[in-house]
Every structure is written in structure tokens, then in C-alpha cells.
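Quick note: the coordinates plus some simple rules give every number you see, no bench work behind them. Computed from a predicted structure; not experimentally measured. Neighbour counts run over all protein chains shown; Cβ positions are idealised from the backbone, glycine included.
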Amino acid sequence: MNSQTIKAELYTALTNTLAHIFRTPQYIILFVTDVCWMRCQHCWFNEEWKTRELTNSALTFDEYKKLADSIDQIKFLSLTGGEAFHRDDIVELATMFRHKTKLARYQIPTSGYKTERIVRATERLLKANPDTPFRVDVSLDGVGQIHNEIRRISDGYKRACTTIIELNKLKQYYSHFDVGVITTISHANQNTVEEIGAVVEKIHPSGEWMINITRGNPRDPEATNVQLSAYKKAHEIIDRRIAEGRYRGHGGHQTAKWLSAKNAVRRQVICDIIEGKREGGGCAAGSIGGVIYSDGSVKVCEMLDKPLGNLRDFNYNFTALWNDKAACRVRRFIQETNCQCTQECFLSVSMLIQPDTWSGMVRERIRLG
Ligand code: SF4
Ligand code: SF4
């Protein structure tokens, strides 16, 4: 056996063992709707993808309940879509998951378009779940017209900025709350990173700024035509702010700064992957992390086109689906093929089982103070 085969065997054994111990993923991306208020150029969750992949009707509230009943614990739940705040019952849905699972933290990403609706639902969630850290991440992809053009909506920028400012105000009343800003670097905004960084610092002075890079097959194929230098520039801006004490990063719970430290290392990991300096393998998608779509289909991640099954075919028993032969086969496939990508969420969970990233996270945590 060569070292690559040994590594694949070890990671296959580790990921299967973790899936078996935890029974269901501890990091779950749960699609609660496929409806969205935007039509972003860089979006992989577009009409073509949805028509091809979402072949069943959407899960009902009762079906989400049965799913929650089959889960013992979730360390991190992302309620996403589409636009999760589009659901009139998003507060009830998230609260139901909190009641039925040992939910440690949860998050909702949003376009920030409907400020009043988002802020109202956020405050209701914070009141309904006072002991569970919660974060809302708002997308800001450019300054003014660039944001609007990327998101294909005329007043998106103004509204997203207002939502960021209003949500930040809630932080002073709810210590278990955090706000993040996410910028996806694409072809359309790559030359304006400094301007975006300046606006983010102004309206979201010390909170976390997360940088994503366009992936998958977006609505506008040109969106993936990105220079790595733009991503690096954003990384440098954040790095400079940390060095100058102008960056506090994540908040809302005791281990929040570790998330910012992880994000700092993750940015470097993404640069290394794009530059071909990092070996593949060791991805924790399919073991610690997993994705459930609104039609009940389950996948290891948002990138790999290898469905594990549909919850409806397993009588909503997520444990049975997650430990079925198909899931074991995909976990082996991931390690044997050295699967590698820049999907930020799954890099985050994978770094937990990749020892070469740990010292960097400790160093960044110290730097954040
Ligand atoms: S990127 Fe998000 S907000 Fe934009 S169209 Fe896709 S799902 Fe909607
Ligand atoms: S490396 Fe990327 S595509 Fe491959 S399994 Fe992990 S998250 Fe999915």
C-alpha cells in the first residue's frame, strides 16, 4: 500500500466511525424552501439545478417534525434555501428543531432584502430560544449598483445594508445573537474588493466578514471567472484589521472567536487549494456534515452529485439513511478519489479532522485576543 492508499483507508475508517458514533451529521445544512427573493448571477441553486435535482414535493412541517424526531443532537444547524425568512413559520420550524434535538447553535443566511420581516423573525427566534446561540448572515456582494446587478434586483443593496445595521442593533439586547456579512467573490465584483471591505467595516464595524468564492455551475457561467488575487485581497484586508485591533469577529457564544480563527485558516486553505498546493482527501462531508434538501433528498454536500436517498423512503429515519450502505460507499468514494473543493461550510467541518490545520487555528485564536 502506498501512503495515499493508507491515508484514504484511514480517513474512510475515521469518517465511517464518526457517522456511526454520532448516527446523524452534527453539522446540517437544511433547505427549508427553494423559493428565493433574488436571482443572483453566482448562484448554483438556480432553476436548472432545481428542476434537475428537486424531483419530489417539498417537505411539510409535519415531515420536518418527523425528521427532527429521528435526530438525537445537532451541533450546528443552518436553515437555508432559497430564502429561509420567506417561510411564515420559520420561527416555529427552528424552535421545533431546538426542542426536539439537542441543538447547540443555529444560523440563517439571508439576502437581507425584507428588513422588517427579517428583524421581526430574528427577534422572535431570540426570545423563543434564549439559551441557544443564533446567527444571521447577510449577503453583501458589492457597493450600490454592483450588488444590485449581481443579485438582479434594483434596491437590494440599500435594503441589505439597512438589514445589517438593524440586526447589529439587536446584539446589544441579546448576548446569544451574532450577525455576519458574507461576500461572494465573482467575476462581477472582483475588482471592487477594497470598496466592499470599506462598507462592511463601516456598517458592521467589528463583526465577522466572511468571504466566499463562486463555485459550482452558477446562473451566469462567467461568475466563476475569478482571479485568486481578489480573494487574497479580501483575506489581506481582514488580516490587517485583525493586526490593527479593528476586528472582533464572531460573537454570541463562548467559542465564537474560534470560528473567526477557523475562518482565517480556511481562507489560506482555499488559496492553497486553488493554487494546487494542497492534497485532497480528509473531507468530512458525509460523516460530520450533511445536506437535506426541501424535497427530503439527502446528500453529503452541495457539490458532489451522489444522492444518499430520500428521507421519505426511510420513513424519516435519518439515522438509518445516514448509516445505510449507500452512505458508506460515498464516504469511501470521497476518500479514495481525494475529493477536494473550496465549499466553505464543508471545509469548516473537514478542518476538524485535518490535523495540519489545528496549529494555525490556535495561532489565529491567540491573534484575535
Ligand atoms: S445565492 Fe442565495 S440569495 Fe442568491 S439566488 Fe441563490 S439562493 Fe437566492
Ligand atoms: S471535497 Fe467538496 S465536493 Fe468533495 S465531498 Fe467534500 S464538500 Fe463535497
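Here is a yes/no grid of residues against (1) in contact with a His (Cβ under 8 Å, 6 or more places away or on another chain); (2) hydrophobic (A, V, I, L, M, F, W, C); (3) assigned to a helix (DSSP H, G or I):
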{"position": "Y113", "(1), (2), (3)": "no, no, no"}
{"position": "R120", "(1), (2), (3)": "no, no, yes"}
{"position": "D131", "(1), (2), (3)": "yes, no, no"}
{"position": "D141", "(1), (2), (3)": "yes, no, no"}
{"position": "K158", "(1), (2), (3)": "no, no, yes"}
{"position": "Y173", "(1), (2), (3)": "no, no, no"}
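Being under 22 Å from T214 (Cβ atoms) and in contact with a Phe, Trp or Tyr (Cβ under 8 Å, 6 or more places away or on another chain), is that true of even one residue in the range 112-129?
First pass over the range 112-129, keeping only residues under 22 Å from T214 (Cβ atoms): 112-113.
Still in the list and also in contact with a Phe, Trp or Tyr (Cβ under 8 Å, 6 or more places away or on another chain): 113.
Yes, there is a match, as at least one residue in the range 112-129 is under 22 Å from T214 (Cβ atoms) and in contact with a Phe, Trp or Tyr (Cβ under 8 Å, 6 or more places away or on another chain).
Can you confirm whether the range 110-128 contains a residue that is touching a Leu at 6+ places or on another chain (Cβ under 9 Å), under 21 Å from W322 (Cα atoms) and of a type in the set (G, A, S)?
no
Inspect all residues belonging to the range 76-90 and state whether any of them is basic (K, R) and surrounded by 15 or more Cβ atoms within 10 Å (Cβ to Cβ). Talk me through it step by step, then tell me what you get.
Step one: list which residues in the range 76-90 are basic (K, R), which gives 87.
Pick out the ones that are also surrounded by 15 or more Cβ atoms within 10 Å (Cβ to Cβ) and you get 87.
Within the range 76-90, one or more residues are basic (K, R) and surrounded by 15 or more Cβ atoms within 10 Å (Cβ to Cβ).
Out of curiosity, is M1 out of contact with any strand residue (DSSP E or B) (no Cβ under 9 Å at 6 or more places or on another chain) and either under 30 Å from R278 (Cα atoms) or of a type outside the set (S, T, N, Q) (or both)?
For M1, the condition - out of contact with any strand residue (DSSP E or B) (no Cβ under 9 Å at 6 or more places or on another chain) and either under 30 Å from R278 (Cα atoms) or of a type outside the set (S, T, N, Q) (or both) - is met.
Which members of the range 318-339 meet the condition of being of a type in the set (S, T, N, Q), surrounded by fewer than 18 Cβ atoms within 10 Å (Cβ to Cβ) and in contact (Cβ under 8 Å) with a residue 60 or more places away in the chain? Before you say what the answer is, go through the steps one by one.
Taking the range 318-339 and keeping what is of a type in the set (S, T, N, Q), we get 319, 323, 335, 337-338.
Of the ones still in play, those that are also surrounded by fewer than 18 Cβ atoms within 10 Å (Cβ to Cβ) are 319, 323, 337-338.
Result: T319, N323, N338.
So in the range 15-38, with the set limited to residues that are polar (S, T, N, Q) and more than 16 Å from ligand 1 (Cβ to nearest atom), which one is surrounded by the fewest Cβ atoms within 10 Å (Cβ to Cβ)? Spell out how you get there, then give the answer.
Our first condition is that a residue be polar (S, T, N, Q); within the range 15-38, this holds for 15-17, 24, 26, 33.
This time we only want the ones that are more than 16 Å from ligand 1 (Cβ to nearest atom), so: 15-17, 24, 26.
Numbers: T15: 27, N16: 18, T17: 11, T24: 22, Q26: 21.
Taking the candidates together, the pick is T17.
Here is a yes/no grid of residues against (1) of a type in the set (S, T, Y); (2) touching a strand residue (DSSP E or B) at 6+ places or on another chain (Cβ under 9 Å); (3) part of a helix (DSSP H, G or I):
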residue	(1), (2), (3)
A188	no, no, no
A223	no, yes, yes
V226	no, yes, no
A230	no, yes, yes
G252	no, yes, no
K257	no, no, yes
V269	no, no, yes
K277	no, no, no
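Testing A84 on (1) small (G, A, S); (2) more than 16 Å from ligand 1 (Cβ to nearest atom); (3) under 26 Å from S70 (Cα atoms), one condition comes back false. Which one is that?
(2)
Considering only residues of the range 319-367 that are part of a helix (DSSP H, G or I), within 21 Å of the chain's Cα centre (by Cα) and hydroxyl-bearing (S, T, Y), which is nearest to ligand 1 (Cβ to nearest atom)?
Ranking the candidates gives S348 first.
Of the residues R105, R151, R87, R117, which is free of Cβ contacts under 8 Å to residues at least 40 places away in the same chain and either aliphatic (A, V, I, L, M) or on the phi < 0 side of the Ramachandran plot (or both)? Please lay out each step first, then the result.
Details: R105 fails: free of Cβ contacts under 8 Å to residues at least 40 places away in the same chain; R151 fails: free of Cβ contacts under 8 Å to residues at least 40 places away in the same chain; R87 fails: free of Cβ contacts under 8 Å to residues at least 40 places away in the same chain.
Unique residue meeting the criteria: R117.
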